[in-house]
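Okay, structure first, notes after.
None of the figures in this text is laboratory data; all of them are computed from the coordinates on show. Worth saying up front: this structure is predicted, and the values here are computed from it rather than measured. Cβ placement follows ideal geometry from the backbone for every residue including glycine, while neighbour counts extend to all protein chains displayed.
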Amino acid sequence: MIEIRHLTKRFRWIKAVDDISFEVNRGEVLGFLGPNGAGKSTTMKMITGFLSPTAGFITIAGRPLRQDPLAAKRRIGYLPEGAPAWPDMTPESFLGFIAGIRGFSGAERRRRIEATIERVHLGPVRHQPIETLSKGFKRRVGLAQAILHDPEILIMDEPTDGLDPNQKQEVRALIRDMAADKAIILSTHILEEVRPVCTRVAVIARGRLLADESPAAFEARSRLHNAVTLTLARPDPGPVRQALGLLGGVAGVDTLAEDASGCTLRILPQPGQVIAAAVGRLAQEQGWPVAGLFVDRGHLEEAFRVLTTRSDTRGEA
Amino acid sequence: MLRNIRMIFRREMGGYFATPIAYVFLVIFLFLSGIFTFYVGNFFEREQADLYAFFSHHPWLYLFLIPALTMRLWAEERKTGSIELLFTLPLRPVEAVLGKFLAAWCFTALALALTFPLWLMVASLGQPDHGVILASYIGSLFLAGGFLAIGSCLSALTRNQVIAFVLAATVGLGFILSGHAMVLDFFSGWAPTLVVDTIASFSFLTHFEAITKGVIDLADVIYFGSLMAFWLFANVVVLDSRGGD
Ligand SMILES: Nc1ncnc2c1ncn2[C@@H]1O[C@H](COP(=O)(O)OP(=O)(O)O)[C@@H](O)[C@H]1O
Ligand SMILES: [Mg+2]
């Protein structure tokens, strides 16, 4: 549904987006990750036709965006960063305006407005000026505006930014609900959002695309991916560490905690190795009093740091 | 096309009345109209049953009241980011420009219409030429349209409303002064008549005063019409080329 090729945007001397290419198809939710200033918003503004690219091209539903921007805009629902709206309007009049511009009228228009208000739970504040709403409600007004016409393509710039945990949960559930028949791009810097919501992850830093892969593959970039955390009901981890260190595929052993009643060790695998079974077998053979054994899936934060800092040092070299 | 213009028009109109802008503007407009007519214009001393004292000050009244109205038109959309929403909807810039302009123009027409008690007053004091007064109202509306188109275009250049105001007032002043006796005297001393006439022909004053004499000449209508078309077209070009920033 969305295809971008060699997309570049330059603001005077800054290259905000630098030769990015990717595709998003129906049924996919692409999580767009990157530190602040990475170029996420700029990319989204180009896809939605607000900014024009310095170079490269964008195809929406098989047609070049530049050829027919209005047709593309009809297919897209967009929640800009910070969910801007006209503060003097009420959610109801605002959605009425959007529905009008989206070409709905009469009963269909009323039905869409009602359904959307229902869907994002705007009922209690529907007649209140938007400027008086809390951040959570303002964000919902922005979401409502983006999904009112049930678009095939949904682009959301930091949809959960500034929401409380319950509200975040709600928005994620909403996105998952809609994901099946849409192509969705959402940007976030909250990595925990990726696992429950996204089917793919694109990492961008300093305008460059560093990774475009499944959340699992992304997690696997973490040093902690497949690391084994072993808790033993005995003090003195010395000999255990020694035995583990000799095991094939083990890169290192850290002592995470240690006291009179027991100790916790983290065994890091060499890249690509799976060591949980071997660690378990060794513990059995040696008769260690195992109180807990836990395999890490990897930390997104860690994977993200590994990826983005590596590129930083390369960039400065 | 028309439908989108109507949607924008309605939103803008709603915006005027949802905020104190409408009421403040209307009250100040009426108050200043009164001041200009009775104190500056010496309405009673002239002892004539006409509204010359009222209309002759309109260019100066509009010079700073209209930029106050137009400064927010686009600068505010840029500032709050709602311009991003507007231009990612299936909407052409020209539709947004016309919708906003027409709303501002209708709003000014409302302010002008609310001065009708003056008309009633001169009618009760003597036998005014109603044709002249009607023509003057129409001329004043054209004049306001010219100021509005200028202000709207210049507002699209910046996200700062103060800058938008100053730009609009300055350009507006240029359009007034190019027909002012002071400026024309300065040129007529040495410049060829053709040059003086050309400068004068660009002026709001020349065309506005012609209409307030009671004759709506096609040339004056074309002047204001093309002036508005030019500035609104420039407005669309500015939005197209500057986009987000
Ligand atoms: N309108 C603009 N003019 C100049 N520079 C800009 C503009 N918009 C964004 N930038 C710059 O481009 C870079 C990318 O910004 P942005 O896309 O907003 O990043 P992100 O959304 O990932 O935080 C930043 O360095 C930012 O300062
Ligand atoms: Mg951003």
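Assorted remarks:
- The alpha carbon gyration tensor of the range A:228-296 gives principal lengths a ≥ b ≥ c with a/c of 1.5 or higher and a/b greater than b/c, which makes the shape prolate.
- Estimated inter-spin distance, residue B:217 and residue A:132, nm [label 7 Å along Cα→Cβ]: 5.4 nm
- In summary, the aspartates and glutamates within cross-link reach of residue B:100, defined as a Cα separation below 19 angstrom excluding same-chain residues under 8 places away, comprise A:88, B:12, B:76, B:77, B:84, B:240.
- Helix A:276-286 vs. chain A, principal-axis angle (Cα, 0 to 90°, nearest 10): 20 degrees
- Straightening the chain between residue A:195 and residue A:256 buys 19.4 nm, computed as 0.36 nm per residue apart minus the Cα-Cα spacing.
- Helix B:116-125 axis, angle to chain B major axis (alpha carbon atoms, nearest 10°): 10 degrees
- Whole-Hz ³J(HN,Hα) from phi, Karplus 6.51 cos²θ - 1.76 cosθ + 1.60, for the range B:92-107, glycine and proline x: 8, x, 5, 5, 5, 4, 5, x, 5, 4, 5, 5, 5, 5, 4, 5
- FRET E, pair residue B:120, residue A:12, Förster distance 51 Å, beta-carbon r, rounded to 0.05: 0.30
- Beta bridge orientation in the protein assembly as shown: antiparallel %, DSSP, nearest 5: 65 percent
- For the protein assembly as shown, convex hull of alpha carbons as volume per residue, Å³: 213 Å³
- Couplings 3J(HN,Hα) of the range A:38-44, computed from phi: 6, x, 5, 4, 4, 4, 5 Hz, in residue order, whole Hz [Karplus 6.51 cos²θ - 1.76 cosθ + 1.60, θ = phi - 60°; x for Gly and Pro].
- Helix A:135-147 axis, angle to chain A major axis (alpha carbon atoms, nearest 10°): 70 degrees
- Amide H to amide H, with H built 1.01 Å from N, residue A:251 comes under 5 Å of A:268, A:270, counting only residues 5 or more places away or on other chains.
- Inverting the pair-averaged 1/r between distinct Cα atoms of chain A gives 22.2 Å as its Kirkwood hydrodynamic radius.
- Residues residue A:150 and residue A:26, FRET efficiency given R0 of 22 Å [Cβ-Cβ distance, rounded to 0.05]: 0.95
- A simple rule links phi to the HN-Hα coupling: the Karplus curve 6.51 cos²θ - 1.76 cosθ + 1.60 with θ = phi - 60°, which for the range B:188-205 gives 5, x, 9, 7, x, 3, 4, 5, 4, 5, 5, 4, 5, 6, 7, 8, 4, 4 Hz, with x for Gly and Pro.
- Straight-distance crosslink candidates among lysines, where the alpha carbon sits under 19 Å from residue A:15 and sequence neighbours closer than 8 are dropped: A:40, A:45
- Total charge dipole magnitude, the range B:156-245, about the Cα centre, Cβ charges on Lys, Arg, Asp, Glu only, Debye to nearest 20: 240 debye
- Helix-only CD estimate at 222 nm, as mean residue ellipticity for the protein assembly as shown, using -39500 (n - 2.57) per DSSP H run (n ≥ 4): -16500 deg cm²/dmol
- Eigenvalues of the alpha-carbon gyration tensor of chain B, scaled by 5 and square-rooted, set the equivalent ellipsoid semi-axes at 32, 23, 16 angstrom, largest first.
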